[in-house]
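Below: one structure, written as structure tokens.
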Ligand code: HEC
Ligand code: HEC
């Protein structure tokens, strides 16, 4: 009888151990870094301006049909066919940088769609949810699947790290930004960022000005490139992390001429967005998430342990009472 008790209790201890091990959830959610960089970067550039990537596709005349659902944004024609015009460089549409000001359309962001499958995203682009949102006569299946790969794997939410009023990076590593900028970017853009100029809202601006005016477009194009710069090294191919991109942006905002030094003009004011929660974004929230998960699992394990000890005691008591 003793043997039977010993056997039963060790069996229970083993079951308990297995339950505890399988229940302690140590995985802290982290973004899977893009695997297929080529199609993600191409998708990102199509999102930026598909007409530049697909020179043989003619942008239809007039405004996109959906454009008439809003009146605030007065852009017309070609611009209204670009994904970024409606959904934003921060991918957050009406909840992000395009919340107010002349860019505002009230159209939704696409950040949440990174949780959908690529098939579901392609369906949206073929008008599955809304027949007016059908791009299949302009974009081939290959293009749509690259865009889906970008939405699935390439979207980065930077708005926790950028002050939405000043548009400055909240905290970054200037040394890292400087060495990356000088190592990879200065050959073309110049040490001051003034060797190349870009069209922005009707004027010619340098990299520093872009960095303070539209940090989101800066980050998107630094990570994934732009059709106008086929030789430019892409952050995603250099193996840069999301923070590396922000460090370079921070350095350019802080140390390069921005054009704001001399004029009184300041960026348009934007009301801040509340933290939307979601997976852990930095070490600290990561640690908290891990502790949270362990806490829950530990509580569960203790509860289970108590139940099993109770069962063992019950068995022992039953056997004892039979023997006597
Ligand atoms: C003229 C504005 C406009 C353009 C251009 C546009 N969209 Fe949209 N998009 C919308 C609107 C409005 C909705 C929501 C209603 C709907 O589905 O039509 C939407 C919905 C979406 C959604 C689903 C969002 C959700 O949460 O349901 C995704 C993903 C999306 N668009 C991606 C794209 C991509 C990629 C492009 C470029 C190929 C693009 N959109 C071009 C206006 C636009
Ligand atoms: C081989 C030359 C080259 C290198 C190196 C290079 N760029 Fe560029 N970059 C360009 C060209 C060309 C353009 C497009 C100019 C235009 O719009 O006419 C551009 C455009 C950009 C833009 C988009 C500007 C806009 O209009 O929105 C950003 C942002 C940018 N570069 C950042 C960087 C960063 C950051 C690096 C370092 C990783 C870098 N570039 C390295 C050539 C280069």
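Points to keep in mind about this one:
- Hey, residue 177 surrounded by 17 or more Cβ atoms within 10 Å (Cβ to Cβ), near ligand 2 (Cβ under 7 Å from one of its atoms) and farther than 22 Å from residue 102 by Cβ or not: no
- Residues of region 39-52 satisfying the condition of being under 12 Å from residue 143 (Cα atoms) and either modelled with pLDDT under 95 or away from ligand 1 (no atom under 12 Å from the Cβ) (or both): 39, 40, 41, 42
- If the condition is being more than 10 Å from ligand 1 (Cβ to nearest atom) and surrounded by 15 or more Cβ atoms within 10 Å (Cβ to Cβ), then region 124-140 contributes only 126.
- Being without any contact (Cβ under 8 Å) to a residue 40 or more places away in the chain and either surrounded by 18 or more Cβ atoms within 10 Å (Cβ to Cβ) or within 11 Å of ligand 2 (Cβ to nearest atom) (or both) is a condition met by at least one residue of region 219-228.
- Helices (runs of 4 or more DSSP H) fully within region 159-265 that include at least 3 residues being within 16 Å of ligand 1 (Cβ to nearest atom) and within 26 Å of the chain's Cα centre (by Cα): 215-224.
- Note on region 38-93: among residues that are at positive phi and either assigned to a loop (DSSP other than H, G, I, E, B) or without any contact (Cβ under 8 Å) to a residue 12 or more places away in the chain (or both), the one that is nearest to the chain's Cα centre (by Cα) is 91.
- Applying the set (1) out of contact with any strand residue (DSSP E or B) (no Cβ under 7 Å at 6 or more places or on another chain); (2) surrounded by fewer than 22 Cβ atoms within 10 Å (Cβ to Cβ) to residue 154 leaves exactly one unmet item: (2).
- Only residues that are near ligand 1 (Cβ under 9 Å from one of its atoms) and either within 26 Å of residue 57 (Cα to Cα) or free of Cβ contacts under 8 Å to residues at least 12 places away in the same chain (or both) were counted in region 94-107, giving 2.
- Complete set of residues in region 192-210 that are touching a residue at least 24 places away in the same chain (Cβ under 8 Å) and within 13 Å of ligand 2 (Cβ to nearest atom): 193, 194, 205, 206, 207, 208, 209
- Residues satisfying the stated conditions in region 114-149, i.e. closer than 16 Å to residue 47 by Cα, touching a residue at least 40 places away in the same chain (Cβ under 8 Å) and in a helix (DSSP H, G or I): 114, 133, 143, 145, 146, 147, 148, 149
The values are calculated or read from the model by the stated rules, or taken from the named source; none is laboratory data. Model, not experiment: these values are computed from the prediction. Here Cβ is always computed from backbone atoms with ideal geometry, including for glycine, and neighbour counts include all displayed protein chains.
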